[in-house]
Amino acid sequence: MFNIDQIVKALQTDKGHQRTAMSGAAGLAAGMLLSRGGLGKLAGSAVQLGAVAAVGGLAYSAWQNYQKNQQTSAPAPSQDAFIPAPNDQRGQEELGKSLVRSMIAAAKADGKIDAEEKEAIFGKLETMNLSSEEKAWVFDELSSPLDINAVVARADTPEHATEIYAASLVAITADTAAERAYLDALASKLKLDPALVAEIHKAAGEKAPESSPTPPSTFAYSPSTSNV
């Protein structure tokens, strides 16, 4: 089974005190989001929960608030739809891969994973107790061109779509036009209600998008060549 938490730790390359590519993932492991709404409602810390449960908790909290505000009679999804049971190793692994892929793709949106960043991550991977398969998987994800459709393809349920967006959001600062455009395109392609997107931002302690995502039929995202 893939050790998702170890892989997330390898992606942490916080330089100084600034958030750089993947430092949002570092925040998950460090419990950075616990005081920001969603994860504060979960027992323990993000370190104890693990990255998958931390993102799942954030997405679950956002979904609950979204449904409450919609005043709908539709039954709310259970927490199990966001966080696979501890004994569901396959579910944990597949969701973990989806979330890590989402984080890496989001960091590529503004060309932040440069050669130096990759070398730092590769160096950390080599020091960790990871299998050759796990290391090769991360290498491939980091080296491949940005493909937002590959990220979206992992959203096999509305709950997983919510988690994929949440993971992407916490992986970046979303303070550049390219990052905001990527998140808008992702929300559109994932078919997330703008009100739900706003709740995800709120749960993560991030500023809500200034405008609603453009419909998938009219939006075209063009990544920078520096993302390859």
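Here are the numbers for the structure shown:
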read-out: The listed residue being in contact (Cβ under 8 Å) with a residue 40 or more places away in the chain and among the hydroxyl-bearing types (Ser, Thr, Tyr), out of Ser78, Ser61, Ser132, Ser73; value: Ser61
read-out: Residue count, region 152-210 (criterion: β-branched (Val, Ile, Thr) and part of a helix (DSSP H, G or I)); value: 6
read-out: Filter result for Ser168 (surrounded by 19 or more Cβ atoms within 10 Å (Cβ to Cβ) and on the phi < 0 side of the Ramachandran plot); value: yes
read-out: Qualifying positions in region 135-147 - surrounded by 11 or more Cβ atoms within 10 Å (Cβ to Cβ) and either without any contact (Cβ under 8 Å) to a residue 12 or more places away in the chain or in contact with a Phe, Trp or Tyr (Cβ under 6 Å, 6 or more places away or on another chain) (or both); value: Lys135, Ala136, Ser144
read-out: Residue in region 125-143 that is farther than 20 Å from Ala51 by Cβ, β-branched (Val, Ile, Thr) and part of a helix (DSSP H, G or I) present; value: no
read-out: Residue satisfying all of: in region 87-106; among the polar types (S, T, N, Q) and under 16 Å from Tyr165 (Cβ atoms); surrounded by the fewest Cβ atoms within 10 Å (Cβ to Cβ) among these; value: Ser98
read-out: Hits in region 39-86 (condition: modelled with pLDDT under 85, buried (at least 18 other Cβ atoms within 10 Å of the Cβ) and assigned to a helix (DSSP H, G or I)); value: Leu39, Ala46, Leu49, Ala51
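Yes or no, residue by residue, for (1) of a type in the set (S, T, N, Q); (2) at pLDDT 85 or above:
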| residue | (1), (2) |
| --- | --- |
| Ala171 | no, no |
| Ala174 | no, no |
| Ala185 | no, yes |
| Ser188 | yes, yes |
| His201 | no, yes |
| Pro216 | no, no |
| Ala220 | no, no |
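The values are calculated or read from the model by the stated rules, or taken from the named source; none is laboratory data. Remember, predicted model here, so these are calculated numbers, not experimental data. Cβ atoms come from the backbone with ideal geometry, glycine included; neighbour counts cover every protein chain shown.
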